[in-house]
Amino acid sequence: MSIEQFLRLERYPSPIYFSPFTDPLAEAAQDSLLRVLRRVLPFGVRVAISTKAVVPDSIFQLLSQWGDHVLFFVGGTSLDEDRNASVEPHCPPAGLRLQNVRRAREYGLTQLSARLDPLLPDVDDDPDRLCRLLDRAAEAGARQVTASYLFLTPLCNRDRLSRRP
């Protein structure tokens, strides 16, 4: 279904989940996200948005009008920027992502979640590192956390590790 066909529907499922795998707040997707949100929110549709991008004010302004219908996830797995640059190239720094949570709270959104994904076993799950990250997320306003590990087959692990800087 094209976005044009979707926008012509008379009813929508609820909730609609905007997945981070095709980040709805990537710069190229923001206009489409705005169009969809402007269409579905007046129908009372609940939305869940998950992103690692920096959220523009225009999105927060729209979401603030429907705050009780919005579950907002911000992805980040580490405060170590060297790790992040290697594992999540082209993603904003962790501090900027956490500012999304603070800004969402300032815009009146209350269902705020930190998404720790993908956690790398024996890299990201050090208790001290996790506690620092969770403390920063809580300080920013996150009230929930979801987490998942990255699991790779032995062949994928070998190939990925052979390309590390």
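Springs join every pair of Cα atoms under 10 Å in this Gaussian network model of the chain, and among 135, 126, 31 the largest mean-square fluctuation is at 126. For the pair residue 148 and residue 7, a Förster radius of 30 Å applied to the C-beta separation gives a FRET efficiency near 0.40, rounded to the nearest 0.05. Using Cβ point charges alone (K and R +1, D and E -1), the dipole size of the chain about the Cα centre works out to roughly 420 debye.
I need the peptides 65-77, 14-26 ranked by packing, meaning the mean over residues of other C-beta atoms within 10 angstrom, with the highest value on top. Display every interim value, and only then the final one.
Details: 65-77: 20.8, 14-26: 14.8.
Per-residue Cβ counts within 10 Å, averaged per peptide and sorted highest first, yield 65-77, 14-26.
So what is the calculated 222 nm ellipticity per residue for the chain, using -39500 (n - 2.57) for each DSSP H run with n of 4 or more, over all residues, to the nearest 500 deg cm²/dmol? The per-residue figure over the chain is -11500 deg cm²/dmol.
Using only alpha carbons, build the gyration tensor for the chain and give me the equivalent ellipsoid semi-axes, biggest first, whole Å.
Details: eigenvalues 180, 75, 35 Å².
Here the semi-axes work out to 30, 19, 13 Å.
Three semi-axes describe the equivalent ellipsoid of segment 1-79; taken as square roots of 5 times the Cα gyration tensor eigenvalues and ordered largest first, they are 21, 14, 12 Å. Convex hull of alpha carbon positions in segment 56-98: directionally averaged projected area 3.5 nm². Put the Cα centre of segment 60-93 next to the Cα centre of segment 3-37 and the gap is 17 Å.
Where a number appears in this text, it was derived from the coordinates with a stated rule and is not lab data. The structure displayed is predicted, hence computed values, not measured ones. Reconstructed Cβ throughout: ideal geometry from the backbone, glycine too, with neighbour counts over all protein chains shown.
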